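Beneath this line is the structure, given in structure tokens, with notes to follow.
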Amino acid sequence: ERISPSDLDIARRAHIRPIEEIAAAAGINAEALELYGRFKAKVDPARLDAPAPAGKVVLVSAMSPTPAGEGKSTTTVGLADSLARAGHKVMIALREPSLGPILGMKGGATGGGYSQVLPMDEINLHFTGDFHAVTSANNALMALVDNHIYQGNELNIDPRRMTFKRVLDMNDRSLREVIIGLGGPTQGVPRQDGFDITVASEIMAVFCLATGLADLRDRLGKITFGYTYGREPVTVADLGVQGALTLLLKEAIKPNLVQSIAGTPALVHGGPFANIAHGCNSLIATQTARRLADIVVTEAGFGADLGAEKFMDIKARVEDVAPSAVVVVATVRALKMHGGVAKERLTEPDLPALQAGVANLRRHVHNVEKFGVTPVVAINRFGTDTQEELDWLLEWCAAEGVQAAVADVWGRGGGGDGGDELAAKVAAVVSAPNSFRHLYLLDLPVEEKIRTIAQEIYGADGVDFSVPALKRLADIEKNGWSGMPVCMAKTQYSFSDDASRLGAPKGFTIHVRDLIPKTGAGFIVALTGAVMTMPGLPAVPAAMRMDVDGEGNPVGLS
Ligand code: ADP
């Protein structure tokens, strides 16, 4: 068996061009470009000499993923490269990787094989410091809140009813629950606190939904960080620090320009969690890309039941970034797993399992059609797929009336011919008219919005609300927050809220355990099952194989 080079090996051997060349080819004027070294730059939308956003959006989503990841980022990059190869003016818009998962399980999040964005090590590590800025803004807020309590607590904040925590961009389970303020009267007021990972901070979600600096300040001011002893919400604006938080984010909010291996310009910016937040790159980056390119290829976290639904019902309501096409990434491996095959046996040919598992893909593609957008299935080819399996899957898609193409952008690169057929099909869908619609109207009661998503998208019979969730619904009503869209926090592995129910389960109920109003981001999180907002590290973290060689080159990033 051939041993493939690692993603890092491929990235290191790739020809990387000075970022000024990429910027010039993308039509970015020099005044709008702020260099961060030779291969990274920020783009200042305020100085950009380009028309209003008009590029079409292609959203890359996926079937229900398996723990391996199905190659959404890889396909996003490869598809964009292939569209560029076909002569389209294209830009990629991706999330920034989070450091904690890189040191833990993931090892890297900049695509893979010959479809990656560069410089992969810098993007995966500290990049341009945006996550540091979000971390600082979050922790400045918490320091200011605790100081307010210490200095006399004029706002009457109840330290037992804080909803905001401190954050770090690290998987550190020991910090999930902490007691702060110990040590006596001059050391602050003791209270139970905790840490989330930076990507779970509401400030990250705000950062990614803000339309500009003024809107960023406004949204930061609207964040509810806790409640008073009288159970009234307390906001950042009540504390009067939205200006300071905006100041801490004013450089970070400018999108970061990098390039793919094939030289396609990419804006990599922002990265909110895909469960308790909406899971896509910043709106500012998407809109900046739409000012510069005819087609913007972007990605949403998890499967289409979560990522695509949130893109349509949360992000595309803030500004009109509705997609002209949705690519649903599927793999033969993952379909076989949904058809009942154990993880260890996915590399063996198994047509019956594929035939059983395809029900998962069927539900996802028809869900996309409910938004009035045409799906295109991208079969992300793995070396272990047999021709028989690939042919059967293509035939199934044709019989189902769904466009599909096998893509080998990982192995051959979008800059090669690995994604030509996929690109041609996507380009045809993009240029055809569509009739985008949101799944639900905002003036429906919150319960009804959740029920609509659960029944229409997940295929659930109904929704059960726990007693605390029902109480929270009443509070949401009382505080005038009912008009916000819903952000579902559900396992990505199943349409249901039980990660072990693969395929296309039927006859289940969605259990809403609690609701968290995110008044700055502007959505209500509905928690189904346990959601980890501070991940832990595995028994053998990816960090164990990481190093720097004698020349200062990175070692061991995936
Ligand atoms: P996602 O965005 O869905 O999490 P990624 O694109 O990050 O998935 O890919 C996850 C991992 O799988 C990466 O390490 C990538 O190199 C690898 N991968 C993706 N597509 C393929 C493929 N066709 N063959 C082999 N490995 C792949």
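Quick notes
- The charge dipole of region 301-455, taken about its Cα centre with unit charges on the Cβ atoms of Lys, Arg (+1), Asp and Glu (-1) only, comes to about 380 debye.
- Region 7-114 - accessible surface per residue (Å², probe 1.4 Å): 39 Å²
- Sorting Met546, Met120 by accessible area puts them as Met546, Met120; the probe is 1.4 Å, largest comes first, and only protein heavy atoms count.
- Cα Rg over Rh - region 214-294, Kirkwood: 1.11
- Built amide H within the under 5 Å cut-off of Ala41, gap 5+: Tyr36, Leu257
- Helix 420-431 vs. the chain, principal-axis angle (Cα, 0 to 90°, nearest 10): 60 degrees
- Derived scalar couplings ³J(HN,Hα) [region 234-251; Karplus, 6.51 cos²θ - 1.76 cosθ + 1.60; whole Hz; x for Gly, Pro]: 10, 10, 4, 5, 4, 7, x, 10, 5, x, 5, 5, 4, 4, 5, 10, 5, 8
- Across region 123-195, Cα pairs under 8 Å and at least six residues apart give a relative contact order of 29 percent.
- Neighbours of Ala133 by Cβ distance under 14 Å: Lys/Arg scored +1, Asp/Glu scored -1, total -1.
- The angle separating the long axis of helix 387-400 from the principal Cα axis of greatest extent in the chain is about 70 degrees.
- Global form of region 438-556, assessed from the alpha-carbon gyration tensor, a/c cut-off 1.5: prolate
- Sites count as exposed loop sites when they are chymotrypsin sites (Phe, Trp or Tyr not before Pro), lie in a DSSP loop, and have at most 15 other Cβ atoms within 10 angstrom; the longest stretch of the chain without one is 1-228.
- Farthest positive-ward along the chain dipole, Cα basis, beta-carbon charges - from Gly226, Pro45, Val329: Gly226
- With the simple spin-label model, which puts each label point 7 Å out from Cα in the Cβ direction, the Leu213 to Glu551 separation comes to 4.2 nm.
- With respect to the chain, whose longest principal axis is taken over its alpha-carbon atoms, helix 130-150 is tilted by about 20°.
- Inter-label distance, nm, simple model (7 Å from Cα along the C-beta direction), Asp320/Ala30: 3.7 nm
- The string of couplings for region 356-365 from the Karplus curve (6.51, -1.76, 1.60, θ = phi - 60°) is 6, x, 5, 4, 5, 5, 4, 5, 5, 5 Hz, one whole number per residue in order, with x for Gly and Pro.
- Per residue accessible area of region 159-211, 1.4 Å probe, in Å²: 45 Å²
- Violating pairs (Cα-Cα greater than 32 angstrom) within the set Lys72/Lys478; Lys250/Lys471; Lys222/Lys471: Lys72/Lys478; Lys250/Lys471
- Each Lys and Arg adds +1 at its Cβ and each Asp and Glu adds -1 at its Cβ; summed about the Cα centre, the chain shows a dipole of about 660 debye.
- For the chain, the carbon plus sulfur part of the accessible surface works out to 52%, probe radius 1.4 Å.
- Potential lengthening of the chain between Thr228 and Thr384 amounts to 50.4 nm, from the contour at 0.36 nm per residue minus the alpha-carbon distance.
- Across region 347-353, coupling constants 3J(HN,Hα) worked out from phi with the 6.51/-1.76/1.60 Karplus curve, θ = phi - 60°, read 7, 8, x, 7, 4, x, 5 Hz, and Gly and Pro carry x.
- Distant-in-sequence amide contacts of Ile524, defined by a placed amide H-H separation under 5 Å and a gap of 5 or more residues or a different chain, comprise Val486, Cys487, Lys518.
- Shape of region 369-451 from the C-alpha gyration tensor: prolate (a/c of 1.5 or more and a/b above b/c, with a ≥ b ≥ c the square roots of its eigenvalues).
- Ranking Gly307, Gly100, Pro517 by how far each Cα lies toward the positive end of the dipole of the chain (charges on Cβ) leaves Pro517 at the top.
- On the basis of the beta-carbon distance and an R0 of 51 Å, Arg13 and Arg161 show a calculated FRET efficiency of 0.40.
- The residues of region 453-508 expose on average 43 square angstrom of accessible surface per residue, using a 1.4 Å probe on protein heavy atoms.
- Centre-to-centre separation between the Cα atoms of region 261-334 and those of region 164-194: 34 Å.
- The mean of 1/r over all distinct Cα pairs in the chain, once inverted, gives the Kirkwood hydrodynamic radius of 23.9 Å.
- Value of relative contact order over region 202-252, rounded to a whole percent, pairs C-alpha under 8 Å and six or more apart: 31 percent
- Selection of trypsin sites (Lys or Arg not before Pro), region 210-259, meeting DSSP coil and at most 16 other Cβ within 10 Å: Arg231, Lys250
- With the simple model of a label 7 Å out from the Cα in the direction of the Cβ, Gln355 to Tyr150 spans 6.9 nm.
The values are calculated or read from the model by the stated rules, or taken from the named source; none is laboratory data. Quantities reported herein were computed from a predicted structural model and do not represent experimental measurements. Glycine gets a Cβ as well: all are built from the backbone with ideal geometry, and neighbour counts include every protein chain shown. Ligands, DNA and RNA are stripped out before the accessible areas are found, and what is left, the full protein with its side chains, is counted by its heavy atoms. Shrake-Rupley method; radii C 1.70, N 1.55, O 1.52, S 1.80 Å.
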